[in-house]
């Protein structure tokens, strides 16, 4: 099933730990440093339901040679991310 924008935004409120400039961000969907990007992605999710854009935003895996890029990718495990202080 294809997600709606509201479902995408709700998925961002999953308790993930995010910092920007040393400040912990409790909700990336409302924080000034992230909210516009989150809303833009949500708008893309919603646009997939608009007949005007559906043909260019929605496809099947059979229609292309490799699987489509997805906005639904899970973040990398924390063990794959270098600490900010690492050089």
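At 0.36 nm per residue, and after removing the present C-alpha to C-alpha distance, how many nm does the segment from residue 26 to residue 14 gain when stretched out fully? Write out the running numbers ahead of the final one.
Details: separation 12, 0.36 × 12 = 4.32 nm, distance 0.99 nm.
This chain segment gains 3.3 nm when fully extended.
With the simple spin-label model, which puts each label point 7 Å out from Cα in the Cβ direction, the residue 3 to residue 52 separation comes to 2.4 nm.
Throughout, read-outs are computed from the coordinates displayed, never taken from laboratory work. From a predicted model like this one, the values you see are computed outputs, not experimental measurements. Every residue, glycine as well, gets a Cβ built from its backbone with ideal geometry; the counts of neighbours run over all protein chains shown.
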